[in-house]
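K.L.:
Dropping the structure in here first, questions after.
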Amino acid sequence: MYAVIKTGGKQYLVKEKDQLKIEKIPAGKDGNYVFEQVLLVADAEAKSVKIGNPLVKGAKVEAKVLEQGRSEKVSVIKYKSKTRYRKNVGHRQAFTLVEITKVSD
């Protein structure tokens, strides 16, 4: 089975044993997390498809948290010539690495 879930303002197409790097969620390392916002659920051959309006009622996707971390540093440099204006700002986005364990409708 596969599903489309919504988390962190984005949508992901997932199936069992997939690993996703998503926006940070409030779960500890080696913990479990349940995604309640499921937009679509279908079997592997797409013979039985459930589409939500906007969510599928009773559908859940369970995941295991593998890692909580921060991405590589991204440098944002602003520069204006002839005015001595230079600005360097860095950003590291927090993420959660999860593995999908179960898709249920």
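The values are calculated or read from the model by the stated rules, or taken from the named source; none is laboratory data. Just so it is clear, the structure is predicted and the values come from calculations on it, not from any experiment. Cβ atoms come from the backbone with ideal geometry, glycine included; neighbour counts cover every protein chain shown.
K.L.:
Are any residues in the range 43-57 small (Gly, Ala, Ser) and either loosely packed, with under 11 Cβ neighbours inside 10 Å or at pLDDT 95 or above (or both), and if so, which ones?
P.N.:
Correct list: Ala44, Ala46, Ser48.
K.L.:
How many of the residues making up the range 37-53 are over 13 Å from Asp105 (Cβ atoms) and within 18 Å of the chain's Cα centre (by Cα)?
P.N.:
Selection size over the range 37-53: 1.
K.L.:
For the range 93-100, indicate whether the set of residues that are free of Cβ contacts under 8 Å to residues at least 12 places away in the same chain, assigned to a strand (DSSP E or B), of a type outside the set (Asp, Glu) and out of contact with any His (no Cβ under 9 Å at 6 or more places or on another chain) is non-empty.
P.N.:
no
K.L.:
Does Val74 qualify as being surrounded by 12 or more Cβ atoms within 10 Å (Cβ to Cβ) and either modelled with pLDDT of 95 or more or not small (Gly, Ala, Ser) (or both)?
P.N.:
Considered against the rule, which asks whether it is surrounded by 12 or more Cβ atoms within 10 Å (Cβ to Cβ) and either modelled with pLDDT of 95 or more or not small (Gly, Ala, Ser) (or both), Val74 comes out as no.
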